[in-house]
Amino acid sequence: MTDGPGQPERTGAGTSPRPGRPRVAGTRQRVIEAYLDLVAEQGHAATSMDQVAERAGVAKTTIYRRWPSRDDLTIDAHQSLVDTTVPPDTGSLEGDLRALAGTVMAVLARPREARVMQASLGEMLTNERLAALYRGQIIEPRIALIGRIFQRAVDRGEVPPDVDWRTLAYALLGANIFRVSVMAEPPDPAMAQRLIGWIVSSARGE
């Protein structure tokens, strides 16, 4: 488990910090904030680990101990922006999806985060390793979360057990990502609500 923003770095379960220079609380947060700021300002390709270290005020060796490559730092930065907890059970599929969409759009509505997503997706077009890490560590957990929301709907009897929830999850995530990352437009809450209405109707077979 990674340290949360503002929490001290951990050295691993059941271990104690190594003797010598003490760990600095909030190092992960400072590095990630520096990375996000730099990528938003100048893009992914122009951002180096040296620049991140200087902006964060840490040694480059400190960064490489935790993030062996810029790809690893990119993924951790994106993970810091994504909430993978299941939203509270609102009692309906539509309510659950609206709650989830609200958390996603809150992140995409922030200009810095939107620019970072644009830069990262552009980098993934030519960086196969980063693309694979992003799919496995960012997108798939989010899709699995939507799957749990649909399972609740199945358990309630709202939708049939064979609902093609994964296609509907792609529609929900893809529309928001496309709007922000490809079209460079801010998220549209009204559009998101209409999309959720269509997804719920489709899931019910209406």
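The values are calculated or read from the model by the stated rules, or taken from the named source; none is laboratory data. All values reported here derive from a predicted model rather than from experimental measurement. Because the Cβ atoms are built from the backbone with ideal geometry, glycine has one as well, and the counts that use them run over all protein chains shown. Only protein heavy atoms, including side chains, enter the accessible area calculation; ligands, DNA and RNA are left aside. Shrake-Rupley method; radii C 1.70, N 1.55, O 1.52, S 1.80 Å.
Using a Förster distance of 35 Å, how high is the FRET efficiency between Trp198 and Arg110, based on the Cβ-Cβ distance and rounded to 0.05? For R0 = 35 Å, the calculated efficiency reads 0.85. Short to long, the 5 Å bins of the Cα pair-distance histogram for the stretch 25-146 hold 2, 11, 20, 21, 19, 13, 8, 5, 2, 1 percent of all pairs. For the chain, the Kirkwood estimate of hydrodynamic radius, built from reciprocal distances between every pair of different alpha carbons, is 18.7 Å. Sequentially through the stretch 50-62, phi angles give Karplus couplings (6.51, -1.76, 1.60; θ = phi - 60°) of 4, 5, 4, 4, 5, 5, 7, x, 10, 6, 4, 5, 4 Hz, Gly and Pro residues having no value and appearing as x. With each label modelled as a point 7 angstrom along the Cα→C-beta vector, the Glu41-Arg65 pair spans 2.6 nm. Label separation (Arg166 vs Met183): 2.7 nm, computed from points 7 Å beyond Cα along the C-beta direction. Distance in nm between label sites at Arg156 and Ser48, each 7 Å beyond Cα in the beta-carbon direction? Each label point is offset 7 Å from its Cα along the Cβ direction, giving 5.4 nm. Global dimensions of the stretch 136-206 from alpha-carbon coordinates: Rg and Dmax equal 13.0, 39 Å. Evaluated at q = 0.21 Å⁻¹, a Debye calculation over the C-alpha positions of the stretch 100-176 (equal weights, vacuum) places log10 I(q)/I(0) at -1.03.
In this structure, Thr126 and Thr85 have a Cβ-Cβ separation that, at R0 = 35 Å, corresponds to a calculated FRET efficiency of about 0.60. Counting Cα-Cα pairs of the stretch 58-129 in 5 Å increments starting at 0 gives whole-percent bin shares of 3, 13, 18, 17, 17, 15, 9, 5, 3, 1. Each Lys and Arg Cβ is given +1 and each Asp and Glu Cβ -1; about its Cα centre, the chain then shows a dipole of about 700 debye. Of the residues Ile196, Ile139, ranked by 1.4 Å probe accessible area with the largest first, the sequence reads Ile139, Ile196.
Ranked by solvent-accessible area (1.4 Å probe, protein heavy atoms only, all chains present), the residues Arg55, Arg135 order from largest to smallest as Arg135, Arg55.
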